[in-house]
Amino acid sequence: MGIQKDLILLLRKVDRVVALTGAGISQESGLQTFRDTQTGLWSQFKPTELATPEAFMRNPKLVWDWYAMRRNKVLDVEPNPGHFAIVEIAGHIPDFSLITQNVDGLHQRAGSPKVIELHGNIQRVKCSSCGQQAQAWNEAGDEVPKCEICKSLLRPDVVWFGESLPQAMLEAAEKAARACQVYFSIGTSGVVHPAASLALTASARGALIVEINTESTPLTEKADYYLQGMAGEILPALVKSVWG
Ligand code: OAD
């Protein structure tokens with residue numbers, strides 16, 4: 001695919017770049033996205049029955065098992081060329097911030113050292129009451145495992161609908177979005193806030209917005225460049241065109 005010449009020239013010059021990624025970048029690793037109409041997780045499961053504190057209070061075992069299934073699935077897959085291309089981009093840009101809504105840890109496994117995880121990480125587990133992270137727990141039991149300290153139920157260390165994002169992560173993401181010259185929005189439907197607002201923050205401060213997505217989103221008409229297609233193809237092509 002062709003990448004616009006002026007974007008190529010710009011990327012050779014800029015110092016401060018942000019990339020926000022969503023489920024689309026992990027789709028080519030074999031993980032389901034949330035909102036794709038046929039294959040998305042939310043076409044098969046109701047978020048209100050699985051990804052809210054109320055759902056966990058109502059039926060902790062159902063929620064725990066759903067996350068355990070996803071946790072195992074993540075361990076079965078590998079980062080793809082999109083994740084690796086981001087590691088390369090970071091190597092060329094002096095001040096590069098990677099922000100992700102993904103909980104799968106695939107950026108870290110690809111070699112991205114500092115990832116601002118806005119929605120937590122599915123491999124971590126914490127106490128639903130005291131918040132203490134658990135290092136080990138019995139996955140196979142009939143009951144949801146309990147916190148060693150306060151004996152409350154353990155839960156995945158992810159952000160559910162209706163919960164606040166980790167404050168330090170959100171602040172770091174907002175700071176990077178305010179300061180960047182180019183902002184990439186990659187494989188995200190851009191409908192879940194506050195992550196989706198970061199592009200608008202960046203744009204209001206004069207950053208150029210580059211969107212990479214197989215489908216158009218609410219951001220597309222505001223983006224300066226819309227590179228339509230698979231992140232695992234477009235990102236390596238972009239690296240090759242700019243720095244290859
Ligand atoms: P979505 O499932 O909402 O969006 C995935 C986006 O990736 C869609 O816009 C697809 O068109 C696009 N896409 C799919 N395959 C792609 C590919 N190979 N290359 C490029 N783009 C591709 O996922 P998110 O935007 O990440 O939150 O969803 C945001 C949040 O909503 C998630 O973190 C999760 C979810 O509910 C919580 O669970 C709190």
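Take every Cα pair under 8 Å whose residues are at least 6 apart in sequence, average their separation, divide by the length of the stretch 102-142, and the relative contact order is 32 percent. A straight Cα-to-Cα reach below 26 Å connects LYS151 with the lysines LYS61, LYS126, residues fewer than 8 places away in its own chain not being considered. The residue among THR39, ILE149, PHE56 whose Cα reaches farthest toward the positive pole of the charge dipole of the chain, with charges on the beta-carbon of Lys, Arg, Asp and Glu, is ILE149. Working note: Cα atoms of the stretch 139-186, range along each principal axis, descending, whole Å: 51, 23, 18. Each residue was assigned an accessible area with a 1.4 Å probe, and for THR37 the value is about 120 Å². The Cα atoms of the stretch 143-244 cover 54, 29, 26 Å along the three principal axes, with the biggest extent listed first. Kirkwood radius for the stretch 89-180, taken over all pairs of different Cα atoms as the inverse mean of 1/r, rounds to 14.9 Å.
Our helix-only sum for the chain, with -39,500 (n - 2.57) per DSSP H run of n ≥ 4 divided by its residues, gives a mean residue ellipticity at 222 nm of -11000 deg cm²/dmol. What the phi angles of the stretch 98-113 give under the Karplus curve with 6.51, -1.76 and 1.60, with θ = phi - 60°, is a coupling list of 10, 10, 9, 8, 7, 9, 8, x, 6, 4, 5, 5, 6, x, 6, x Hz, glycine and proline written as x. Charge tally for VAL103 (other residues, Cβ to Cβ under 14 Å; Lys, Arg +1; Asp, Glu -1): +3. Think of the chain as having a plus end and a minus end, set by charges on the Cβ of Lys, Arg, Asp and Glu; of ALA202, GLN123, GLY187, ALA202 sits farthest toward the positive end of this dipole.
Overall, the stretch 134-241 carries a charge dipole of about 400 debye about its Cα centre when +1 sits on the Cβ of Lys and Arg and -1 on the Cβ of Asp and Glu, all other atoms neutral.
A viscosity of 0.692 mPa s and a temperature of 37 °C, combined with the Kirkwood radius over Cα pairs in Stokes-Einstein, give a translational diffusion coefficient for the stretch 21-72 of 279 µm²/s. Working from label points 7 Å from Cα in the Cα-to-Cβ sense, the LYS175 to TYR225 distance is 2.7 nm. When +1 charges are put on Lys and Arg Cβ atoms and -1 charges on Asp and Glu Cβ atoms, the dipole computed for the stretch 1-79 relative to its Cα centre reaches about 180 debye. Karplus-based coupling profile of the stretch 175-192, in residue order and whole Hz: 4, 5, 5, 5, 9, 6, 9, 10, 10, 9, 10, 10, x, 10, 6, x, 10, 9, with θ = phi - 60° in 6.51 cos²θ - 1.76 cosθ + 1.60 and x standing for Gly or Pro.
Ordering ALA136, GLY162, PRO113 by the projection of their Cα atoms onto the charge dipole of the chain, which places +1 on the Cβ of Lys and Arg and -1 on the Cβ of Asp and Glu, puts PRO113 at the extreme positive end. Packing here is the average count of other Cβ atoms within 10 Å per residue, and on that basis the peptides 226-236, 159-169, highest first, run 226-236, 159-169.
Taking only the alpha carbons of the stretch 29-120, we obtain Rg and Dmax values of 15.4, 48 Å in that order. Helix 60-76 and the long axis of the chain differ in direction by around 50°, with both axes built from C-alpha atoms.
Subtracting the Cα-Cα distance of SER43 and ARG124 from their residue separation scaled by 0.36 nm leaves 26.6 nm. Taking 23 Å as the limit for the C-alpha separation, the pairs LYS5/LYS240; LYS175/LYS222; LYS5/LYS114; LYS5/LYS222 exceed it in the case of LYS5/LYS114.
Each Lys and Arg adds +1 at its Cβ and each Asp and Glu adds -1 at its Cβ; summed about the Cα centre, the chain shows a dipole of about 380 debye.
Leaving out ligands, DNA and RNA, and with a 1.4 Å probe, what % of the accessible surface on the chain is carbon or sulfur? Percent of accessible area from carbon and sulfur atoms in the chain: 51. Taking every C-alpha pair closer than 8 Å and separated by at least 6 residues, the mean separation divided by the residue count of the stretch 57-185 gives a relative contact order of 21 percent. Protein heavy-atom accessible surface, 1.4 Å probe, per residue over the stretch 1-130: 47 Å².
Quick check of the Kirkwood formula: for the stretch 28-187, what is the inverse mean of 1/r over all pairs of different Cα atoms, in Å? That comes to 17.2 Å for the stretch 28-187. Cα centroid separation, the stretch 118-173 to the stretch 66-86: 19 Å.
The values are calculated or read from the model by the stated rules, or taken from the named source; none is laboratory data. Small disclaimer: the values here were computed from a predicted structure and weren't measured. Positions of Cβ are backbone-derived with ideal geometry, glycine not excepted, and every protein chain shown enters the neighbour counts. Just the protein is used for accessible areas: all its heavy atoms, side chains included, with ligands, DNA and RNA removed. Shrake-Rupley method; radii C 1.70, N 1.55, O 1.52, S 1.80 Å.
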